[in-house]
Amino acid sequence: MTRMVSSLSMLAIDAHDVEKTFRSGWLRRRETVALRGVSLTVARGAIVGVLGPNGAGKTTLLSILATLLTPDRGRVTVLGLDVVREASALRRRLNMVSGRPSFLWSLRVGEIVAFYGRLYGLSGRALRRRVDSLIELTELEPYRRVPYSELSTGLKQRVALAKSLVNEPELLFLDEPTLGLDPDVAVRVRAHIARLRREQGITIVLTTHYMREADELCDEIAFIKAGRILARGTSGELKRQIRLGEVIALKLDPARVPWLAEIPGVLRCVEVDGWVECTVDEAEKRLPELLRALHAEGVVIRNVQVREPELEEVFVELAK
Amino acid sequence: MSWRNELLAIWAVTLRNALMSARNVFFFFELLFWPIVGILSIGLMSRFLELSEEQASFVLVGTIALSVVNVCQLEVAYAVLLDVWSKSLKHQFLAPIGIRHLTLGSWIVGMVRSLAVFVLLAALGRWAFGFHVLQPGWLALGTFLLGCFLTAWVVGVAVCALITLFGNRAEAFAWASVNLVLVLAGIYYPISVLPDSMAAVARALPLTYFLDAYRAHYGFESEFRAPAATGLALSALYAALAHWAFLAAIQRARRTGLLLKMSE
């Protein structure tokens, strides 16, 4: 698993104390603080997730890193370049996919990818080859001559993915890349993302609302809320960091055993789909005690599973 | 950035705008319907009013200039408008594209389209009203068209800057601003008939000088000394100002977040 490293040369992103406030209104000025001193480092080749509730500042952070927004304060270096002073040079080396992509409505799929290819300096045979390979990669061949406005949400997302790879970026920002997609399409998009890192070593920064997606793809996760990063680390580290404990799931007969929650070391018990899920401080120590207590009370144990808490539970805890 | 990449980026925008133009039915109206309606109505009005041949030429030059500038200016404004309408502005500015690529690429398509309009109107003017656009010679005609194209570029880039500065609310400028310029530049009349304050504004517009220079070949005494040179100098000044304004507007949109807001 890739780890954050301190060596600057190994960092794809090095952001310190980034602040951003949006101001609106002419007569009655309104201020919305989006980022309050965010610091983030991302190692080259890593997939890092930025998670948080709506309005937490995820998209603002990504937009600053991708040079679409300028920060009010702080120092941000991406791929060794300053995001404000060296933005033009940086744009050649990164790309982005957003959750609700949109391109010129009457351009066809192949034309959209080719348009962006030309902006990145591709022409002639090299451009044709790149467009062909990206259309093949994203399985868009049957839709190559279809206008963008006639594509489904999933196909539009694939066009965005193809466009985002046209410059063979060293760093890719994925802002809710599977938002609104059918589950089977979302699975394929996630597989593409994993393959990009595996085969091309692209550094990826991902925002998502889907905890399973973050758990599956990301080496590390940063939780952001109200413009601040509250916690960061691997999925396992985060689960331990907020002391959620482990979960012992039991299939019992009778199914309801309310006194289980009173056993020392059991933090809480809930019933989920016929299972009793007990969150305990330490599964290895508490499992024998639980089994002994159940046996003593004559409760039949039909199945037992031990697992770590879901990332979603971590998210809920942090978002409180 | 290398020259090759510069040209490729301009070509990318040119091709994109040309494809969009070819697939939009409203572009047909911009290209054919309104210009033809314009020259026919003005030409017939000049016949009804029994204007002399010189006077009819004066107003027909105006109506041709109106169509040429209008079509070309709109195309330059499309550099930003197309992306605003389709909410793809942030993808555009995430790529290594400069405003010079956007405006020059759009301007090329605009010039091609307005040249097509010009040829059509010239043929119609000759056939229906005996008006000959080549009477002043190729050089005078070329200078006149260049003046129209430069005016269109300046107004179009200024519209782009306004849209980037104020968002969709400024869209009306795209349609209205050029007409204001045309009215002030003395499209159907010499600017000497304007009130003093408006005439002063008209003297600051490059198109005023290009119209004056071209009409001088149809028997109207020029109101200015070296009008073509003055028009070119003013165009260069305004082109630089419009470019700077658009650049500043983009930088502001990156600072305020409007660039992202217009893509949502």
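No lab work stands behind these numbers, since they all come straight from the coordinates. The structure presented is a predicted model; accordingly, all values stated were derived computationally and were not measured. Every residue, glycine as well, gets a Cβ built from its backbone with ideal geometry; the counts of neighbours run over all protein chains shown.
Some notes on this structure:
- Helix B:53-85 axis, angle to chain B major axis (alpha carbon atoms, nearest 10°): 10
- Pairwise label distance in nanometres, B:Ala233 with A:Glu262, each label 7 Å out on the Cα-Cβ vector: 9.9
- Close amide H partners of A:Ser39, meaning residues 5 or more places away or on another chain with modelled amide H under 5 Å apart, are A:Asp17, A:Val18, A:Ile229.
- Order of A:Asp219, A:Asp132, A:Asp253 - criterion: other Cβ atoms within 10 Å of each residue's Cβ, fewest first: A:Asp253, A:Asp132, A:Asp219
- Share, in percent, of DSSP beta bridges within region A:8-240 that are antiparallel, nearest 5: 55
- Residue-wise HN-Hα couplings along region A:123-131, as the Karplus relation 6.51 cos²θ - 1.76 cosθ + 1.60 with θ = phi - 60° gives them from phi, are 8, x, 5, 4, 5, 4, 4, 5, 4 Hz; Gly and Pro carry x.
- In region A:247-291, the C-alpha radius of gyration followed by the widest Cα-Cα span (Dmax) gives 9.5, 26 angstrom.
- Under 18 Å from the Cα of A:Lys239 - lysines, other chains or at least 8 residues apart: A:Lys225, A:Lys320
- Placing +1 on each Lys and Arg Cβ and -1 on each Asp and Glu Cβ, with no other charges, gives region A:8-240 a dipole about its Cα centre of roughly 560 debye.
- Note on region A:131-180 and region B:39-77: Cα centroid distance 47 Å, given to the nearest whole angstrom.
- Over region B:212-264, the ratio between the Cα radius of gyration and 2.2 N^0.38 Å evaluates to 1.94.
- Set of lysines with alpha-carbon distance to B:Lys87 below 16 Å, sequence-local pairs under 8 removed: A:Lys156, A:Lys163, B:Lys261
- In terms of other Cβ atoms within 10 Å, B:Trp175, A:Trp259, B:Trp107, A:Trp26 run from fewest to most in the order A:Trp26, A:Trp259, B:Trp175, B:Trp107.
- Estimated inter-spin distance, B:Glu54 and A:Arg195, nm [label 7 Å along Cα→Cβ]: 7.6
- Principal-axis tilt of helix B:171-184 within chain B, Cα atoms, nearest 10 degrees: 30
- When Rg and Dmax are taken over the Cα atoms of region A:8-240, they come to 17.9, 55 Å.
- Positive minus negative residues near B:Thr230 (Lys, Arg vs Asp, Glu; Cβ under 14 Å): 0
- Residue order, fewest to most surrounding Cβ atoms within 10 angstrom, among A:Glu86, A:Glu199: A:Glu199, A:Glu86
- The Cα trace of region A:244-319 gives Rg and Dmax of 12.1, 40 Å, the first to one decimal, the second as a whole number.
- Kirkwood hydrodynamic radius (C-alpha pairs) into Stokes-Einstein, the protein assembly as shown, 10 °C and 1.306 mPa s, D in µm²/s: 57
- Working value for region B:129-204: equivalent-ellipsoid semi-axes of 27, 18, 11 Å, each the square root of 5 times a Cα gyration tensor eigenvalue, largest first.
- In the protein assembly as shown, helices alone account for a calculated mean residue ellipticity at 222 nm of -17000 deg cm²/dmol, with every DSSP H run of four or more residues adding -39,500 (n - 2.57).
- FRET efficiency for A:Val306 and A:Met10, using Cβ-Cβ distance with R0 set to 35 Å, rounded to 0.05: 0.45
- Each Lys or Arg adds one and each Asp or Glu takes one away; over the other residues whose Cβ falls under 12 Å from the Cβ of A:Asp132, this sums to +3.
- Cα gyration tensor shape for region B:3-261, rounded if a/c is under 1.5, else prolate or oblate: prolate
- Dipole of the protein assembly as shown [Lys/Arg +1, Asp/Glu -1 at C-beta], most positive-end residue of A:Val247, B:Ser86, A:Ala261: B:Ser86
- Amide N proximity, region B:97-118 versus B:Trp138 label position 7 Å along Cα-to-Cβ, cut-off under 19 Å: B:115-116, B:118
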